[in-house]
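Peer 1: Have a look at the structure that comes next, please.
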Amino acid sequence: MLVTSKELLWDAHKNGYAVGAFNTNNLEITHAILRAAQAKRAPVLVQISAGAIRYAGLEFLPMIVAKEAQLVDVPVAIHLDHGPSFELVMQALRVGFTSIMRDASKLPYEQNVAEVRKVVEACHAVGVPVEAEIGRIGGAEEHVVVTDREALMSDPDECVQFVNDGGFDFLAVAIGNAHGFYKGEPKLDFDRLDAIHAKVNVPLVLHGASGIPDYQITKAVQHGISKINIDTEIRYAFATTVRKYLAEHPDQIDPRKILGPAIDAMQAVVEHKIEIFGSAGKA
């Protein structure tokens, strides 16, 4: 069933678990995410980025997600991930997105606030919640490219000011997380997370969670994270499974047989994440 992310994340915020937010680019990834959610009785956000929209089409990909959401009896939100512009946000609202992120974190503070407030006004008018970001999360994902040198962790006091100034619903924080694969084992700054969580009364979001060890994910949830984004590990499961299958079956040309094992592999990744996020059985 299709819902907004607000009802999902506030329940997670109040009850001490995190909702998984999993990126899709096609039918097969969508199947994997929602089959996992159904199997684990878990609420989920299915995220669509600007790059995924360019690849699959503005109307086509959310239509797939929305239709499949109608066929499961767990709550599903369609989330615009790292929305790069007001114009794309407006287009996303028109085609049925039920959750929006406006990422203006690369801009100076006042411009970030102005961009977010413009989106909040439009989205809240139609009952759609908004996620915003403060700090600079390292790594690369879609249009987001931040070097290690540029990465900047979120300041707890600035987070408070940003929530008050921006009027948005969820806050993505930079606490040592990064997009893509990590160069070494990541070390999340839990003291910083505690300080933010103590000062800010909105659900907190962890981007770039692919590759963070399970024990750190569990600890992040215990310390106040309510939404966790996963993309890279799903892509990795897809690519490695397809490569292995084709290596073992070089004459196979049936896409159903090639992609079927990849769906199973991605579903296993999503199910594992749901378990460590604590959202299994929360639907």
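Peer 1: Quick one: which residue in ARG35, ARG41 is basic (Lys, Arg) and either free of Cβ contacts under 8 Å to residues at least 24 places away in the same chain or on the phi < 0 side of the Ramachandran plot (or both)?
Peer 2: Testing whether each residue is basic (Lys, Arg) and either free of Cβ contacts under 8 Å to residues at least 24 places away in the same chain or on the phi < 0 side of the Ramachandran plot (or both) leaves just ARG35.
Peer 1: Name the one entry in ALA280, ALA247 that is surrounded by fewer than 16 Cβ atoms within 10 Å (Cβ to Cβ) and either closer than 17 Å to ASP231 by Cα or not charged (D, E, K, R) (or both).
Peer 2: ALA247
Peer 1: Report, by residue number, each residue of segment 148-171 that is hydrophobic (A, V, I, L, M, F, W, C) and either surrounded by fewer than 16 Cβ atoms within 10 Å (Cβ to Cβ) or at pLDDT 95 or above (or both).
Peer 2: Within segment 148-171, LEU152, CYS159, VAL160, PHE162, VAL163, PHE168, PHE170, LEU171 meet the criteria.
Peer 1: Further question on the same structure: Among all residue pairs at least 6 apart or on different chains, which show Cβ distances below 9 Å where the first residue, located in segment 109-128, is on the phi > 0 side of the Ramachandran plot and the second is assigned to a helix (DSSP H, G or I) and crowded, with 17+ Cβ neighbours inside 10 Å?
Peer 2: The qualifying pairs are GLY127/LYS6.
Peer 1: While we're looking at this one, here's another question. Just to be sure I understand, how many residues within segment 1-37 are in a helix (DSSP H, G or I), more than 15 Å from the chain's Cα centre (by Cα), surrounded by fewer than 22 Cβ atoms within 10 Å (Cβ to Cβ) and not polar (S, T, N, Q)?
Peer 2: So the first thing to find is which residues in segment 1-37 are in a helix (DSSP H, G or I), and the list is 5-15, 27-37.
Next cut, more than 15 Å from the chain's Cα centre (by Cα) only: 7, 10-11, 13-15, 27-28, 31-32, 35-36.
Still in the list and also surrounded by fewer than 22 Cβ atoms within 10 Å (Cβ to Cβ): 7, 10-11, 13-15, 27-28, 31, 35.
Still in the list and also not polar (S, T, N, Q): 7, 10-11, 13-14, 27-28, 31, 35.
Residues that pass the stated criteria total 9.
Peer 1: Follow-up question, since we're still on this one. Does ALA195 meet the test of being under 20 Å from GLU131 (Cα atoms), in a helix (DSSP H, G or I) and over 15 Å from the mean Cα position of the chain (by Cα)?
Peer 2: yes
Peer 1: In segment 105-147, what residues are modelled with pLDDT of 55 or more, part of a loop (DSSP other than H, G, I, E, B) and surrounded by 14 or more Cβ atoms within 10 Å (Cβ to Cβ)?
Peer 2: Selection gives SER105, LYS106, VAL128, PRO129, GLY135, ILE137.
Peer 1: Hey, could you check segment 78-104 for residues that are in a loop (DSSP other than H, G, I, E, B) and hydrophobic (A, V, I, L, M, F, W, C) and say which is nearest to PHE60 (Cα to Cα)?
Peer 2: It comes out as VAL95.
Peer 1: Still on this structure, please answer the following. Do we have any residue at all in segment 48-58 that's out of contact with any strand residue (DSSP E or B) (no Cβ under 6 Å at 6 or more places or on another chain) and of a type in the set (S, T, N, Q)?
Peer 2: No: segment 48-58 contains no residue that is out of contact with any strand residue (DSSP E or B) (no Cβ under 6 Å at 6 or more places or on another chain) and of a type in the set (S, T, N, Q).
Peer 1: While we're here: If I filter segment 53-64 for residues that are of a type outside the set (A, V, I, L, M), on the phi > 0 side of the Ramachandran plot and outside any helix (DSSP H, G or I), do I get at least one hit?
Peer 2: Yes.
Peer 1: Of the conditions (1) buried (at least 20 other Cβ atoms within 10 Å of the Cβ); (2) out of contact with any helix residue (DSSP H, G or I) (no Cβ under 6 Å at 6 or more places or on another chain); (3) among the basic types (Lys, Arg), ARG94 satisfies every one except a single condition; which number is it?
Peer 2: Condition (1) is where ARG94 drops out.
Peer 1: Consider only pairs whose beta carbons are under 6 Å apart and that are at least six residues apart or on different chains; among these, list those whose first residue lies in segment 54-75 and is aromatic (Phe, Trp, Tyr) and whose second residue is not in a loop (DSSP other than H, G, I, E, B).
Peer 2: Note: no pairs meet the criteria.
Peer 1: Report yes if some residue within segment 65-73 is crowded, with 22+ Cβ neighbours inside 10 Å, among the β-branched types (Val, Ile, Thr), in contact with a helix residue (DSSP H, G or I) (Cβ under 8 Å, 6 or more places away or on another chain) and not in a helix (DSSP H, G or I); otherwise report no.
Peer 2: no
Peer 1: How many residues are within 17 Å of PHE190 (Cβ to Cβ) and in a loop (DSSP other than H, G, I, E, B) when one looks only at segment 154-175?
Peer 2: The qualifying residues number 4.
Peer 1: If I ask for residues that are of a type in the set (A, V, I, L, M) and over 17 Å from the mean Cα position of the chain (by Cα), which ones from segment 46-68 would you list?
Peer 2: Scanning segment 46-68 gives ALA56, LEU58, MET63, ILE64.
Peer 1: Given the options VAL221, VAL202, name the one that is of a type outside the set (Asp, Glu), in contact (Cβ under 8 Å) with a residue 40 or more places away in the chain, closer than 20 Å to VAL19 by Cα and not in a loop (DSSP other than H, G, I, E, B).
Peer 2: Result: VAL221 is the single residue among VAL221, VAL202 that is of a type outside the set (Asp, Glu), in contact (Cβ under 8 Å) with a residue 40 or more places away in the chain, closer than 20 Å to VAL19 by Cα and not in a loop (DSSP other than H, G, I, E, B).
The values are calculated or read from the model by the stated rules, or taken from the named source; none is laboratory data. The structure displayed is predicted, hence computed values, not measured ones. Cβ: placed from backbone, ideal geometry, glycine included. Neighbour counts: every protein chain shown.
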